[in-house]
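Just below is one structure, and these are the notes that go with it.
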Amino acid sequence: MRTDCFRGKDFLTLRDWDKEQVETLLEIAFDLKRRFALGEPHDHLLRAKTLFMIFYNQSLRTRNSFEAGMTQLGGHAHYLDPSKIYTPALEGKEVAYSTERVSDVARVLSRMGHAIAIRCYGDPVDWVYGGAHEMMREFARWSDIPVINMECDKYHPCQALADIMTVKEKFGAFEGIKFVMSWAYSPSVHKPRAVPQSAIIAATLMGCDTVLAHPPEMELDPEIIAECEANARMNNATFTITHDFESAFKDAHVVYPKAWAPTAIFKPPVGEDNAQKAQEIFDKYKSWKMTAEIMETADKEAIYVHCLPADRGWEVTNEVMDRTDVKHGWSSAIYDEAENRLHAQKAIMALVMGGK
Ligand code: CP
């Protein structure tokens, strides 16, 4: 277990971390989960430390798991609404007495607390693909304390860590596990790519046989696809892309269907800034919905997972979502996965904000 490399580091994407480091994060997360279950105090780990959380977008799981996690570790998570501070903005995007340059915000908060966590995607950066991640990198450039990505337009590494923690918990290993990340239909086209991109990075990094399924128009970032191919080669595992929804899940252990935006939604040069076209593309694929019949074609102990919130009735049926706590056969692991956000993020915070 390598523990020497975490203190003071940013947590922006799993692409910045290697397999051994992610295994360490998982070991710590499982240990903290055990302590939480036993009621064993661990509030000395980040006693009197402060995490500043800047949320440009809504959240249930991320906000509450970070807040509860900091309380359990003995510190405090401070919620910042960007519209109630001077909205942090990059140079060139500033509005007098309404915004504050990211470099100033980062340096001020660095004098007062121990980490800065940020969620930003979509409207706050006008759907410029990569704009939110660039802002996080700018925070990290100026901050003397770790910056944690709570979801940007490219990555959701905290979700991905909880996802693979859930895989490890259910199957005990990653080798030989067929992990299927698939697009699924939703009436809303305004969905970032962060979750699927981080999920396939994590699954390939840990050595799962990973399948990405999506309609042709719903391709993901080519740079991330290349990274997944390299990860799979490193692990002697497979990474494949298919445009067939139902056959993708045959014998799958992990079934992860969720909507994400087509390229058309992003501003040029990446996309076309065309929400109507995005909607027309989406509406061609209403049949991409997870059902109990498709779950029956997966491995007999398969788990259905989703970062949540899921669009019930569109992405997935109630029957699949609600098949939790069954003794035999496939099941829905969505609440275990959501709980694992808490333990995974406590491990991240304990390691980057604490330590010797
Ligand atoms: N999965 C996830 O990040 O949930 P929230 O949007 O509720 O934080």
Please work out the FRET efficiency for the pair E94 and A275, using the Cβ-Cβ distance as r and a Förster radius of 25 Å; give the result to the nearest 0.05. 0.40
Among the GluC sites (Glu not before Pro) in the range 74-152, which ones are in a DSSP loop with at most 12 other Cβ atoms within 10 Å of the Cβ? Mind listing them? E91
The relative contact order of the range 1-121, taking Cα pairs under 8 Å that sit 6 or more residues apart, comes to a percentage of 26
Once the Cβ-Cβ distance between E23 and R312 is put in as r, and R0 is 41 Å, what FRET efficiency do you end up with, to the nearest 0.05? 0.75
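Apply the a/c threshold of 1.5 to the C-alpha gyration tensor of the chain and tell me whether it is rounded, prolate or oblate.
Note, shape of the chain comes out oblate.
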How far is it, in nm, from the label point at A230 to the one at R47 when both lie 7 Å from their Cα along the line to the Cβ? 4.3
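Could you compute the net charge surrounding K49? Neighbours are other residues with a C-beta less than 13 Å from the C-beta of K49; K and R count +1, D and E count -1.
Residues close to K49 contribute a combined charge of +2.
Would you mind classifying the range 256-356 by shape? Square roots of the alpha carbon gyration tensor eigenvalues, ordered a ≥ b ≥ c; an a/c under 1.5 is rounded, otherwise it is prolate if a/b is larger than b/c and oblate if not.
Numbers: a/c = 3.12, a/b = 1.14, b/c = 2.74.
Verdict is oblate for the range 256-356.
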Carbon + sulfur, % of accessible area of the chain - ligands and nucleic acids excluded, 1.4 Å: 50
Students often forget the sequence filter, so: which lysines lie under 19 Å Cα-Cα from K277 once same-chain residues fewer than 8 apart are removed? K191, K267, K286
Which value in deg cm²/dmol, rounded to the nearest 500, describes the helix-derived mean residue ellipticity at 222 nm for the chain, given -39,500 (n - 2.57) per DSSP H run of n ≥ 4 and division by the residue count? -11500 deg cm²/dmol
Run the 1.4 Å probe and let me know the accessible area of I28, rounded to the nearest 10 Å². 40
Just how much of W314 is accessible, in Å², when a 1.4 Å probe is used and the result is rounded to the nearest 10? 120
Does the range 159-338 come out rounded, prolate or oblate, given a ≥ b ≥ c as the square roots of the eigenvalues of its C-alpha gyration tensor, rounded meaning a/c under 1.5 and, failing that, prolate meaning a/b above b/c? oblate
For the chain, what relative contact order do you get, as a whole percent, if you take Cα pairs closer than 8 Å and at least 6 residues apart? 20
All lysines inside 25 Å of K33 as judged from Cα atoms, apart from same-chain residues fewer than 8 positions distant: K9, K19, K49, K168, K170, K327, K346, K356
Given a 1.4 Å probe and heavy atoms of the protein chains only, how would you sort K33, K168, largest accessible area at the top? K168, K33
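The values are calculated or read from the model by the stated rules, or taken from the named source; none is laboratory data. What you are looking at is a predicted structure, and each value in this text was computed from that prediction instead of being measured. Using ideal geometry, Cβ is built from the backbone for each residue, glycine included, and neighbour counts are taken over all protein chains shown. Side chains included, ligands, DNA and RNA excluded: accessible areas come from the protein's heavy atoms. Shrake-Rupley method; radii C 1.70, N 1.55, O 1.52, S 1.80 Å.
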